[in-house]
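Here's the structure we're looking at; comments come further down.
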Amino acid sequence: MAPLMPTLVITIPGKPYGKPSVARTRDGQRYTPKEVKDYYRAVAWLVADAWRGAGVVLPMVAPVVSIVALMPRPQKKPKGYPLIWTEGRNPCLTAPDNDNVCKIVNDSLTRANVWRDDRLVSGLTCLKLYAGAGEEPATLVHISDLVTLDAG
């Protein structure tokens, strides 16, 4: 197996966002909501910024993606929270659904030409956590490629 290529690291500031259900007009036409389009544009800009000088070849062929969604930390332990509450990062058990966070990040990376299609993603981990004490909400994304293309 070829060594891992350099990692592309992206921090998307602000509260993590989950991809919403399909939006439709009154006459049934599907459309992409403005906030989703804005998210795609923001991620594309962040990818371009992170890509400069990272030594990463785009588009990737067999990407491995790690996503950590840091949700806003509540003032105190949520009522009924079944786990031990610490000052560090704690598992977030509220909306948005974890798979919807992964979907919008992967769709954004596809639109930013990190890879040709998100079906090429070879590995994916996605954690949804409350931010630690004093930590700001954000979505942290690390992407490496398992394949180094042979130029010959």
List every residue pair whose Cβ atoms lie under 7 Å apart, where the two residues are 6 or more positions apart in sequence or sit on different chains, the first residue falls within the stretch 52-65 and is over 14 Å from V141 (Cα atoms), and the second residue, located anywhere, is surrounded by 17 or more Cβ atoms within 10 Å (Cβ to Cβ) and among the aromatic types (F, W, Y). L58/W51; P59/W115; M60/W115
Candidate set from the stretch 73-100 (those that are in contact with a Lys or Arg (Cβ under 6 Å, 6 or more places away or on another chain) and not aromatic (F, W, Y)); member that is surrounded by the most Cβ atoms within 10 Å (Cβ to Cβ): C92
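On the basis of being touching a helix residue (DSSP H, G or I) at 6+ places or on another chain (Cβ under 6 Å) and either buried (at least 16 other Cβ atoms within 10 Å of the Cβ) or aliphatic (A, V, I, L, M) (or both), does C126 make the cut?
On the way: touching a helix residue (DSSP H, G or I) at 6+ places or on another chain (Cβ under 6 Å): yes; either buried (at least 16 other Cβ atoms within 10 Å of the Cβ) or aliphatic (A, V, I, L, M) (or both): yes.
Here the answer is yes, as C126 does meet what is asked.
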Could you please let me know if D145 is without any contact (Cβ under 8 Å) to a residue 40 or more places away in the chain and under 17 Å from the mean Cα position of the chain (by Cα)? no
Log entry, pairs with first residue in the stretch 1-21 being closer than 28 Å to V61 by Cβ and among the polar types (S, T, N, Q), second being part of a strand (DSSP E or B) and modelled with pLDDT of 70 or more, beta carbons closer than 6 Å, six or more apart or on different chains, reads T7/H142; T7/S144; T11/A138; T11/L140
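The values are calculated or read from the model by the stated rules, or taken from the named source; none is laboratory data. Remember, it's a predicted structure, so these values are computed and weren't measured experimentally. Ideal geometry is used to build each Cβ from the backbone, glycine not excepted, and the neighbour counts take in all protein chains shown.
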